[in-house]
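*Asks:* First the structure, then my questions, so here it is.
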Number of protein chains: 4
Amino acid sequence: MIIVMQSGAEGEKVESVVDRIADLGLKAHVSQGEFRTIIGVIGDETLLKPELFAGLAGVESVMPIMKPYKLASRDFHREDTVLEIGPFKAGGAHISVIGGPCSIESRDQLFTAARVVRDAGGTMLRGGAFKPRTSPYSFQGLGEDGLRMLQDAGAEVGLPTVTEVIDVRDIDLVCRYADVLQIGARNMQNFRLLTEVGQTKKPVFLKRSPAATIEELLMSAEYILSEGNHRVMLCERGIRGFDKATRYLLDLSAVPVLRGLTHLPVVVDPSHATGRRELVVPMACAAVAAGAHGVMVEMHPNPEKALSDGPQQLTPEAFRQMMAELAPIAQAVGRTLHGVPEA
Amino acid sequence: MIIVMQSGAEGEKVESVVDRIADLGLKAHVSQGEFRTIIGVIGDETLLKPELFAGLAGVESVMPIMKPYKLASRDFHREDTVLEIGPFKAGGAHISVIGGPCSIESRDQLFTAARVVRDAGGTMLRGGAFKPRTSPYSFQGLGEDGLRMLQDAGAEVGLPTVTEVIDVRDIDLVCRYADVLQIGARNMQNFRLLTEVGQTKKPVFLKRSPAATIEELLMSAEYILSEGNHRVMLCERGIRGFDKATRYLLDLSAVPVLRGLTHLPVVVDPSHATGRRELVVPMACAAVAAGAHGVMVEMHPNPEKALSDGPQQLTPEAFRQMMAELAPIAQAVGRTLHGVPEA
Amino acid sequence: MIIVMQSGAEGEKVESVVDRIADLGLKAHVSQGEFRTIIGVIGDETLLKPELFAGLAGVESVMPIMKPYKLASRDFHREDTVLEIGPFKAGGAHISVIGGPCSIESRDQLFTAARVVRDAGGTMLRGGAFKPRTSPYSFQGLGEDGLRMLQDAGAEVGLPTVTEVIDVRDIDLVCRYADVLQIGARNMQNFRLLTEVGQTKKPVFLKRSPAATIEELLMSAEYILSEGNHRVMLCERGIRGFDKATRYLLDLSAVPVLRGLTHLPVVVDPSHATGRRELVVPMACAAVAAGAHGVMVEMHPNPEKALSDGPQQLTPEAFRQMMAELAPIAQAVGRTLHGVPEA
Amino acid sequence: MIIVMQSGAEGEKVESVVDRIADLGLKAHVSQGEFRTIIGVIGDETLLKPELFAGLAGVESVMPIMKPYKLASRDFHREDTVLEIGPFKAGGAHISVIGGPCSIESRDQLFTAARVVRDAGGTMLRGGAFKPRTSPYSFQGLGEDGLRMLQDAGAEVGLPTVTEVIDVRDIDLVCRYADVLQIGARNMQNFRLLTEVGQTKKPVFLKRSPAATIEELLMSAEYILSEGNHRVMLCERGIRGFDKATRYLLDLSAVPVLRGLTHLPVVVDPSHATGRRELVVPMACAAVAAGAHGVMVEMHPNPEKALSDGPQQLTPEAFRQMMAELAPIAQAVGRTLHGVPEA
């Protein structure tokens, strides 16, 4: 950490910063420049927050040098983390394709979707049973009935399942039915929820909040990792942008940025990001070309009848077309696409 | 709701939209323009979501005409809502000044702060006992011990208290100690939490998420109102911006926008928005001039020693200066500032 | 155009809107809903601006239905526009690869770069002679000397050239030396410059401003097209975002959005968007996978010595590697990559 | 400037950075931390750009410590700059109120507006003769005829005039007619235009681009100042935001931020920022309360007939009401409002 003093900050102010550094068990290195005094902190600054110094008299700015996360960092774990989820691998050279409806609406709808995903080569079945909805008047999901259907559909087609958990009190319930726990974008900084999914044995699929920086996403992953659960997948699903041409703004350069910073698998959700069906396939292709470890897309047997997010859900036909387009791109970037179980 | 069909969308596609409108119990009004067919929905569209139509074949765009919220709307309740919180009124012509430390750190710290707030004419004491922190390694708050101190400090100085609740399981506990429940920005779309604070009898102080539109903030208020709790205050605390000169971007025009759309009191938090002490007082003055019903500011007896958010907490001296500057501005815009109990 | 009246807006206000529509030579269609009156404008609204009505008494909102641009629209010209630029085609199934240094610094630097671009299969040579620089104290380009070098280098290697024009008074000069005129992001709404490059015979490479919506980009293209110059290429080069992990935020979903709205070729510049060399290749691959008609990347024989934008310029080696990675992706999406002149 | 080396960057890489610093005539200070080597640059770094180092092998990040602008900085000139513009002062304790129509449409319209501004206590008359319009099909202004009307109207009512210049070739013309040259938001980084208005003797009113950081605005001011023209006023007029409730997002905390960084007067334009008439007065009040040196607002004798920006232009009545509300707020923050000429 580098602490830059204001021009003209006197000795006493410098000493007070040096003292606080010593109080924290670290060493200070004072360097007198032509225009300003600069103080370096020597030692492990991971646990320091800039605000510990930014409020001191005479301090102009504080610049962290080390990352504020550890376990999520590629410095800590050089190799890509590869997870085993059911019969498939996720991360590293493996491309995960997670498909299924936005909301679980009926046994029939879900089983049809599950077969489409499996037959086209997908590796995981998604479906929401507890839906976070902007409006209190919108469909809120089928709850435990939906979870039961998801478990049955996954078993029927041989795909592991992922579903969102939105309340700490539901974690045990969701763990009984699903293979992967999804933390939705709106809960990315629900720290209690992060802590408690970190105490389960289930892989966690963590979505980036539309207001979160990449560093904040990694800090949220750190909450889970620091509880001992190291099976975390990260998902970019669109951030806030000023152009209403798309629902959110897909930040695809987050993919190579994240791959440089962390060893965790990075997945992209073009369905929520764009909100428009015709943009989902091109952006799924782009995600894999950019180096993503997979995509999560919404697919509904009959999107025109969907109870939520109709305009962004693919038809079965479009899902199959996406798989056909993804295959050569995955190959072009040295990845394995199809959801064929490892021998 | 207006549904615009694509150029050249044939009769069958138009009929299919008209049928869906009829299925939903509303009437369609088809208008054949020179270039496109346009279908108006006649009836109460509040419960409709654009996505019910946006996914249908031949639909180009769907434009809602009515607001998706009702109880929060000024159409529903023309007059400003005025809340009674302890001995004070909030909303309407009354300016609330809510002050206190970011985190409750000790009995001494909190009581000192409480006296400063009360003596300077503040109307509410704030202090965090459960802190949502970006890093799992940061100070997480004193929990119930902190709540107890807050209750005692409020009683001692005669100020009602506000503190954040971050977990549905803590609602009862927080209700026992505090007068107002704060929903933090990161939980603005934690819909379970909104629903359950809507079932309490306590006023709710709801902060806008940095990624939320004004409409989404009002939808979150609607969650609380629709459970029967009509005592909600809204708080603008900065949204995401691209300029790192401030921590967040204070969206002050949200104040007059919200005052046009809703009857609920609108408060501004310049401390979290700017993250810099020297910007807090000018932006508090600007908030009141823009028509806000109050400000929430962080103040610490000794900000240099604060365990969180040091750089943005005012000193007692700066808090008193802010009160002195706010008084004539409040008067200039026809408002009452000082926290003198109503007779 | 649909004009929504405020709830309770009386007959006189409606009449006044209807009269203004008639004044403009169009017809009004009044529809009395349950809660609001809605007025449709019948006829060619392309030349109408919402503000002609938004200020009238009783008007709540105005919603355009037709696009405000015509010549740039795919409605106007269904097929992809394919330009002939030197021996190459751009647009349609052809992938353009435009490479070269940020600034032209010397004959040696430019000729070396030109040979790398040509040998690796690029289709156009770029290089700045007039540099728009944020700081008045930065290197501003070599001017006409640079243009002369660019012309010579292009001739030497057989590549057409593109360079930025930043001043209306330089248009003739730049036309004498370069094959394609670039309008930089900061000049996207320099309407005089757009008008006057629209009066030349040269293809125009128009970059999106970091603050511009996709619609605004198309309106700027419309300025050029409406002067009779139909040879326009659009370029996405990053918009403003809140995360400092990258210099700008590459809006890659703008590619399929633009391809739906316009017939003009769409190119992506990952160098300026990301500002970081190691992100350029993955994002170039992603751009082609998303359906872009090409990429513009900065490459410098020795980026460590570059006078501008060093950290984002590729090395020759990285440029060649990019070409190798792009080839199979282009093929996967049915495009032709290599800059082999058409027979 | 602080240069942070990557973890494990060897001696040769460090030496290469040190050598480059020496080449630039400055001194290096190498500090070996526990985890990383850090190199400080000693000397006047104003002319250095981070990119000179960011591209070197082994460099992780480069952090500037000094501001990249000089003449615009409060370090360079501690006291507020106070300009004399016609009979009025601008900056320091003086509040400027600049009013008038968006576009000059007719002699009658402009003279009526001018009298309203003067009678209500405004200090400058605005009106556009050359209009930068998003669409090539919109009204583009009256050109020299409009300038002549502006000069006459200013003379008639005794107010100095401000109007936009959008083309370097028009500078002489505009200088003949107007008292202050406005650089519009879209031209904030039209560096040729900045340089050449910097060579005139006229005060310059420089608007912030909706995509510009505060630092970039100051760099653009530096272009003008460095040509010898020190009479520059800065104007915040709204940046890009994600909420469509307002046209742009007024960044009012830019006011105290700018006042800390620069000595130049800071004015706010709430008309373009919000795009909605009913938000203009509250935000003008907020701007003055936040410490702005003035406001620029659009006012039209009959906004419903305006040829541009109708919905955001105040009526004469609303303009007078704004002046009445501003007066006590200006007084509350220790400023002088009314446009009474200094004796």
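*Asks:* Distance from the Cα centre of the range D:44-66 to that of the range B:1-76, in angstrom?
*Replies:* Result: 55 Å between the Cα centres.
*Asks:* Something else now. Based on the Kirkwood radius over alpha-carbon pairs, what value in µm²/s does the Stokes-Einstein equation return for the translational diffusion coefficient of the protein assembly as shown at 37 °C and 0.692 mPa s?
*Replies:* 101
*Asks:* Provide the convex hull volume over Cα atoms per residue for the range C:68-121, in Å³.
*Replies:* Measuring per residue, one finds 119 Å³ for the Cα hull of the range C:68-121.
*Asks:* Local charge sum around C:D80 (other residues, Cβ-Cβ under 12 Å, Lys/Arg +1, Asp/Glu -1)?
*Replies:* Once all neighbours under 12 Å are counted, the net charge is +4.
*Asks:* Pull up all non-local amide H partners of A:A28: gap of 5 or more, or a different chain, and H-to-H distance under 5 Å with H placed in the peptide plane.
*Replies:* A:I42
*Asks:* Taking D:K27 as the anchor, which aspartates and glutamates have their alpha carbon closer than 19 Å to its alpha carbon, excluding any fewer than eight residues away along the same chain?
*Replies:* A:E34, D:E12, D:E15, D:D19, D:D44, D:E45, D:E51
*Asks:* Using only the Cα atoms of the range D:36-189, each taken as one equal point scatterer with no solvent, compute I(q) by the Debye sum, divide by I(0), and report log10 of the ratio at q = 0.14, 0.15, 0.19 Å⁻¹.
*Replies:* -0.79, -0.84, -1.12
*Asks:* Hey, could you pull the Cα Rg and Dmax for the range D:2-63, both in Å?
*Replies:* My reading of the Cα-based Rg and Dmax gives 10.5, 31 Å.
*Asks:* Axis carrying B onto A: which residue of B has the nearest Cβ, and how far, whole Å?
*Replies:* B:A211, 2
*Asks:* Now for a different question. Can you tell me the relative contact order of the range A:83-332? Whole percent, Cα pairs under 8 Å, sequence separation 6 or more.
*Replies:* Value for the range A:83-332: 19 percent.
*Asks:* Give the accessible surface of the protein assembly as shown per residue, rounded to a whole number of Å², with probe radius 1.4 Å and ligands, DNA and RNA excluded.
*Replies:* Solvent-accessible surface per residue comes out at 33 Å².
*Asks:* Just want to confirm a number: the relative contact order over the range D:124-177, from Cα pairs under 8 angstrom separated by 6+ residues, in percent.
*Replies:* Dividing the mean separation by the residue count of the range D:124-177 yields 43 percent.
*Asks:* If you fit an axis through the alpha-carbon atoms of helix D:144-157 and take the longest principal axis of the Cα set of chain D, what angle between them do you get, 0 to 90°, nearest 10?
*Replies:* Taking Cα atoms only, the helix is inclined about 70 degrees.
*Asks:* For the range C:83-332, rounded, prolate or oblate, judged on the Cα gyration tensor with a ≥ b ≥ c (square roots of eigenvalues), a/c < 1.5 rounded, else prolate if a/b > b/c?
*Replies:* rounded
*Asks:* I would also like to ask the following. Do any GluC sites (Glu not before Pro) in the range D:50-83 lie in a DSSP loop with no more than 10 other beta carbon atoms within 10 Å, and if so, which?
*Replies:* Qualifying residues, ordered by number: D:E79.
*Asks:* Once neighbouring chains are kept in place and the probe is 1.4 Å, which whole percent of the accessible area of chain D is contributed by carbon and sulfur?
*Replies:* Taking all protein chains in place, chain D shows 48 percent carbon and sulfur surface.
*Asks:* So which residues in the range D:227-246 end up with at least 40 square angstrom less accessible surface once the other protein chains are there, compared with the chain by itself, probe 1.4 angstrom?
*Replies:* Residues meeting the cut-off: D:R240, D:F242, D:D243, D:K244.
*Asks:* Quote to one decimal, in nm, the extra length available between B:E227 and B:D172 on full extension: 0.36 nm per residue of separation minus the C-alpha distance between them.
*Replies:* My answer for the length gained is 18.2 nm.
*Asks:* Taking a point 7 Å out from Cα toward Cβ as the label site, list the nm distances between A:T336 and the same residue in every other copy, smallest first.
*Replies:* The projected label point of A:T336 is separated from its counterparts by 3.7, 7.4, 8.0 nm.
*Asks:* Here's another thing I want to ask about it. Name the longest site-free stretch of chain A, where the excluded sites are trypsin sites (Lys or Arg not before Pro) in a DSSP loop with no more than 13 other beta-carbon atoms within 10 Å.
*Replies:* For trypsin sites (Lys or Arg not before Pro) (loop position, at most 13 other Cβ atoms within 10 Å), the longest site-free span of chain A is A:79-200.
*Asks:* Along each principal axis of its Cα atoms, how long is the range B:154-287 end to end? Whole angstroms, biggest number first, please.
*Replies:* 40, 37, 25
*Asks:* Could you run the numbers on buried accessible area between C and A, total for both chains, 1.4 angstrom probe, in Å² to the nearest 100?
*Replies:* That pair of chains buries around 2400 Å² in total.
*Asks:* Computed FRET efficiency, Cβ-Cβ of B:R78 and C:D44, R0 41 Å: what is it to the nearest 0.05?
*Replies:* E(calc), rounded to 0.05, equals 0.50.
*Asks:* For the range C:90-136, just run the numbers: alpha carbon Rg, then divide by 2.2 N^0.38 Å, N being how many residues it has.
*Replies:* Rg over 2.2 N^0.38 Å, computed on Cα atoms: 1.35.
*Asks:* A drop of at least 10 square angstrom in accessible area, chain alone versus all protein chains together, probe 1.4 Å. Which residues of the range C:266-306 meet that?
*Replies:* Residues meeting the cut-off: C:R276, C:R277, C:L279, C:P282, C:M283, C:C285, C:A286, C:A289, C:A290, C:E304, C:K305, C:A306.
*Asks:* For the range D:91-194, what's the relative contact order in percent, using C-alpha pairs closer than 8 Å and at least 6 residues apart?
*Replies:* Relative contact order of the range D:91-194: 23 percent.
*Asks:* Also, quick follow-up: I'd like the residues of the range D:176-211 whose 1.4 Å-probe accessible area shrinks by no less than 30 Å² going from the isolated chain to the full set of protein chains.
*Replies:* Buried by 30 Å² or more upon assembly, which counts only protein chains, are D:R186, D:Q189, D:N190, D:F191, D:R192, D:A211.
*Asks:* Could you give, in nm with one decimal, how far D:D152 is from each other copy of that position, shortest first, with labels 7 Å out from Cα toward Cβ?
*Replies:* 5.7, 7.9, 8.4
*Asks:* Summing Lys, Arg as +1 and Asp, Glu as -1, what charge do residues with Cβ under 9 Å from the Cβ of A:Q182 carry, A:Q182 excluded?
*Replies:* Residues close to A:Q182 contribute a combined charge of +1.
*Asks:* Which of rounded, prolate, oblate describes the range B:264-343, given a ≥ b ≥ c as roots of the alpha-carbon gyration tensor eigenvalues and a/c under 1.5 marking rounded, otherwise prolate only if a/b is larger than b/c?
*Replies:* prolate
*Asks:* Keeping all protein chains in the complex and leaving out DNA, RNA and ligands, what accessible area do you get for A:E12 with a 1.4 Å probe, in Å² to the nearest 10?
*Replies:* 150
*Asks:* If you put a point 7 Å past Cα along the Cβ direction, how far is that point for C:S31 from the same point in each other copy, in nm, smallest first?
*Replies:* Its label point is 0.5, 6.8, 6.8 nm from the equivalent points in the other copies.
The values are calculated or read from the model by the stated rules, or taken from the named source; none is laboratory data. In this text the structure is predicted, and so the values were computed from the model without any measurement. Here the Cβ is made from the backbone with ideal geometry for all residues, glycine too, and neighbour counts use every protein chain on show. Note: accessible area is taken over every heavy atom of the protein model, side chains too, but ligands, DNA and RNA are not part of it. Shrake-Rupley method; radii C 1.70, N 1.55, O 1.52, S 1.80 Å.
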